[in-house]
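The values are calculated or read from the model by the stated rules, or taken from the named source; none is laboratory data. Quantities reported herein were computed from a predicted structural model and do not represent experimental measurements. Using ideal geometry, Cβ is built from the backbone for each residue, glycine included, and neighbour counts are taken over all protein chains shown. Just the protein is used for accessible areas: all its heavy atoms, side chains included, with ligands, DNA and RNA removed. Shrake-Rupley method; radii C 1.70, N 1.55, O 1.52, S 1.80 Å.
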Amino acid sequence: MTVLIKGAGVAGLAAAFELSRRGIAVEVLDAAETVGTGASSYAGGMIAPYCEREAADEAVLTLGLSAADWWEEAAPGEVSRRGTLVIAAGRDSGELARFAARTRGYEWVGGNTIGELEPDLAGRFDRALFFPEEAHLDPRKAMDGLYAALVERGVRFHLGSTDLPSDTPFSAVVECTGAAAIANTPGISRLGVADLFLDGCEISLSRPVRLLHPRHPLYIVPRDNHRFMVGATMIETDDDGPITARSVMEFLNAAYAVHPAFGEARVVEMGVGVRPAFADNLPRVLDRDDGFAIAGMYRHGFLLAPAMARQLAEKLCGAEHPPFSPNPSFRQGATQ
């Protein structure tokens, strides 16, 4: 059996890995010259099933619990298991209780513990929610590592082309082209996303920090060498043009509220993109005439791509191969 995967973003690469590890020959086709372009390259890389449950269905939590273990196998050394810290300014402290009521797997922590977890935030916030079992990764590095692993496994890539390889008969074609497939996927909406990358900031963070706000919630994800990815709004739009001035101001104002040192950082990159989503914001593996499609990843690409890849593999392989078994250390936390 040989399967063609169309799309080399996070969904396509995850599907290629899951199929190849089950002994299926895989080829990957993408119009881009490199893997991981588009919305995947501007993802936060937060593997945060508990935090995402706050605004999503329970399935986001259950499907995402084993994602960190999957990524550790697929891209060794790229996963950081330091949890997530959720904070709020004093006037918005009620947002913490609202957030907590909609999820689990957290600990209430006070100002002293906040300072122990993130010394540069010491004295800035009185209380927070800490999700110790969550993780994060750098999407670009993880996809590069996954690409290298797939090449080593014998997966053939056809990059910079939209032409199907003519020398191989494919048993199935799997559509993983994200926003490019919106027009051909009923029930999908276009959701715009904008992110900033800040560099040269005199602050260190060890884990993703989420700032709650009634109108402009924000997350800050650390990268290497004092670089941070800052993201916030997710609005329904048909516009994938340049980032708006309003979004930039929202990001920077909220980042400054986390720590004034962000005001001295350099904006080294600004990215916008379109993410497809179903009404319930859950992705699906869809049947197609020539195979399947993984669609509707929304903002859950790195969290739910492993689960979608396993569902795809099970459709193709049945019960012949056992599903991936997560590390029991990444377990479901108790309700607080």
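The table for this structure:
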item: Residue in region 273-290 that is surrounded by 13 or more Cβ atoms within 10 Å (Cβ to Cβ), at pLDDT below 90, out of contact with any helix residue (DSSP H, G or I) (no Cβ under 7 Å at 6 or more places or on another chain) and part of a strand (DSSP E or B) present; result: yes
item: Top-ranked residue of region 28-39 - restricted to ones that are small (G, A, S) and either assigned to a loop (DSSP other than H, G, I, E, B) or open to solvent by less than 20 Å² (accessible area, probe 1.4 Å) (or both), ranked as farthest from T162 (Cα to Cα); result: G36
item: Scope region 38-54; condition over 12 Å from the mean Cα position of the chain (by Cα) and more than 27 Å from S171 (Cβ to Cβ); matching residues; result: Y50, C51, R53, E54
item: Contacts under 6 angstrom Cβ, first residue in region 54-80 being touching a residue at least 40 places away in the same chain (Cβ under 8 Å), partner assigned to a loop (DSSP other than H, G, I, E, B) and among the basic types (K, R), 6 or more apart; result: E54/R102
item: Filter pass, L150 being open to solvent by less than 10 Å² (accessible area, probe 1.4 Å) and either on the phi > 0 side of the Ramachandran plot or in a strand (DSSP E or B) (or both); result: no
item: Selected residue (only one of D167, D224 is of a type outside the set (G, A, S), assigned to a loop (DSSP other than H, G, I, E, B), farther than 30 Å from I24 by Cβ and open to solvent by 20 Å² or more (accessible area, probe 1.4 Å)); result: D224
item: Failed item in (1) part of a helix (DSSP H, G or I); (2) open to solvent by less than 40 Å² (accessible area, probe 1.4 Å), with V173 passing the rest; result: (1)
item: Flag if S93 is more than 23 Å from L150 (Cβ to Cβ) and among the polar types (S, T, N, Q); result: yes
item: Criterion: touching a strand residue (DSSP E or B) at 6+ places or on another chain (Cβ under 7 Å), modelled with pLDDT of 95 or more, open to solvent by less than 40 Å² (accessible area, probe 1.4 Å) and within 22 Å of N225 (Cβ to Cβ) - qualifying residue of L129, L121, L117; result: L117
item: Odd one out for G187 among (1) touching a Phe, Trp or Tyr at 6+ places or on another chain (Cβ under 6 Å); (2) assigned to a loop (DSSP other than H, G, I, E, B); (3) open to solvent by less than 40 Å² (accessible area, probe 1.4 Å); (4) not aliphatic (A, V, I, L, M); result: (3)
item: Index of the failed condition, R53 passing every other in (1) over 30 Å from L316 (Cα atoms); (2) open to solvent by 30 Å² or more (accessible area, probe 1.4 Å); (3) touching a helix residue (DSSP H, G or I) at 6+ places or on another chain (Cβ under 8 Å); result: (1)
item: Qualifying positions in region 80-108 - of a type in the set (A, V, I, L, M, F, W, C) and buried (at least 21 other Cβ atoms within 10 Å of the Cβ); result: L85, V86, I87, A88
item: Answer residue from region 197-208, given it is closer than 17 Å to G45 by Cα and out of contact with any Asp or Glu (no Cβ under 7 Å at 6 or more places or on another chain) and is modelled with the lowest pLDDT among those; result: L198
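The rows are residues; the columns are (1) closer than 19 Å to A142 by Cβ; (2) touching a Phe, Trp or Tyr at 6+ places or on another chain (Cβ under 7 Å).
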| position | (1), (2) |
| --- | --- |
| I47 | yes, yes |
| W70 | yes, yes |
| A75 | yes, no |
| S93 | no, no |
| A97 | no, no |
| A100 | no, yes |
| Y106 | no, yes |
| G111 | no, yes |
| G115 | no, no |
